[in-house]
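Working notes, structure below.
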Amino acid sequence: MATTDSIFSVLDDEDHFLKCFGVFRKRLQEKDMTSEDWLANIVTDVRPKVVQSVDQSTKGTLKALGVGSGDGRTEDYFLSHIEGDFAQIHQSLVEPNRLLAEQHKKNTQQTNKKNVTYDWNVQTLEEYMEEMKGFKYHLISAIHSLYHMTNPEESLGFLYDQLEENGNLLIVLRSEKSVAGLIAPGIPSQYNKIIIESSRFVLDYFDARGIPYDLHVRDLTLDVSGCLDKVIPEEASLLLDFLTHVKDFCKAPLPPGIKDSVFSALRETVENSSKSQGVIYPYHCIVVQRRHGQ
Ligand SMILES: C[S@@+](CC[C@H](N)C(=O)[O-])C[C@H]1O[C@@H](n2cnc3c(N)ncnc32)[C@H](O)[C@@H]1O
């Protein structure tokens with residue numbers, strides 16, 4: 001469904017989302033760690049906690065939930081590093097983009113992990129919440145997928161409540177200092193369906209409730225070349241679509257002032273950047289373990 005009659009979020013067009021997400025991934029570079037190192041550090045930290053969370057009540061089966069799992073590359077990475085710890089793993093996946101869910105399904109069929117079973121839910125977390133209240137998981141991951149929760153406090157509360165005792169919730173989001181985090185406040189959510197602008201919302205949510213978490217920071221660099229050119233090349237224009245989450249951002253008939261605020265946030269970020277080849281793009285991984293009685 002369109003956000004307005006003629007302005008669309010990138011989420012409204014599955015093909016277009018794949019294109020601009022592809023450009024964004026291609027233009028992100030790690031500063032001092034490869035993506036595997038970063039994930040490996042998180043796995044090292046989280047793995048003992050996940051192992052400890054599975055008791056005999058499920059006969060040693062790990063129950064995992066992936067929210068907005070896309071093509072599943074991060075979920076698959078985690079599972080491949082912990083699958084040896086469990087006799088059986090069952091993973092539920094919630095992903096509204098049909099093309100990404102199909103790609104993920106295909107990948108899992110090719111790798112054919114013997115002790116892993118899946119159920120696929122091609123729907124939003126909000127739709128899933130309506131149906132699945134009451135299920136509990138040892139591991140819930142939401143990797144760059146909470147930005148669009150229509151009722152973010154309810155969604156975070158739901159995810160926390162679905163954790164088994166000692167279960168772990170992994171949330172990855174851009175930090176408020178990333179360029180997309182800086183741009184987001186200038187675009188009303190009716191145009192791009194971004195509700196949670198950065199990790200700040202989630203950190204504040206857990207802080208306000210006195211729920212402890214571990215925070216892993218990962219500094220990346222995003223190549224934004226072309227985005228400030230007079231005539232913006234196609235690839236840079238797709239990157240702008242991803243950063244703003246407005247489809248065809250450059251041409252979209254947005255109310256006056258919005259594009260200026262986006263370009264001025266982008267220009268300021270580029271001017272303040274010490275990088276020759278882009279701007280800093282930090283990610284946060286927030287790990288919450290549900291303690292006894294909480
Ligand atoms: C930036 S992509 C990240 C995909 C994947 N987790 C990754 O890290 O590669 C955001 C994902 O969130 C999904 N998404 C958007 N709105 C959602 C919602 N309301 N509930 C669940 N997932 C959602 C999108 O379809 C998309 O696959």
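FYI, it's all coordinate maths here, none of it is from the lab. Keep in mind that this is a model prediction, so the values were computed, not measured. Positions of Cβ are generated from backbone atoms using ideal geometry, with glycine treated the same way; all protein chains shown enter the neighbour counts.
Descriptive notes on the structure:
- DSSP beta bridge pairing in the chain, given as percent antiparallel to the nearest 5: 45
- Reducing region 203-243 and region 250-294 to their Cα centroids gives an inter-centroid distance of 4 Å.
- Sparse packing (at most 15 other Cβ atoms within 10 Å of the Cβ) combined with a DSSP loop state is found for the following trypsin sites (Lys or Arg not before Pro) in region 107-156: 113, 114, 133.
- Legend: distances between Cα atoms for 26/63; 19/230; 230/259; 106/177; pairs beyond 24 Å are 26/63; 106/177.
- Among 143, 211, 280, the largest mean-square fluctuation in a Gaussian network model of the chain, built with springs joining Cα atoms closer than 10 Å, belongs to 211.
- Sequence of 237, 225 once ranked by neighbouring C-beta atoms within 10 Å, starting from the fewest: 225, 237
- Rounded if a/c under 1.5, otherwise prolate or oblate - region 89-193, Cα gyration tensor axes: prolate
- Residue (of 103, 157, 129) at the positive-pole extreme of region 95-176, dipole from beta-carbon charges: 103
- Residue order, fewest to most surrounding Cβ atoms within 10 angstrom, among 150, 61: 150, 61
- Normalised convex hull volume, the chain, alpha-carbon set, Å³ per residue: 131
- Mean separation of Cα pairs under 8 Å and 6 or more residues apart, divided by the residue count, gives the chain a relative contact order of 25 percent.
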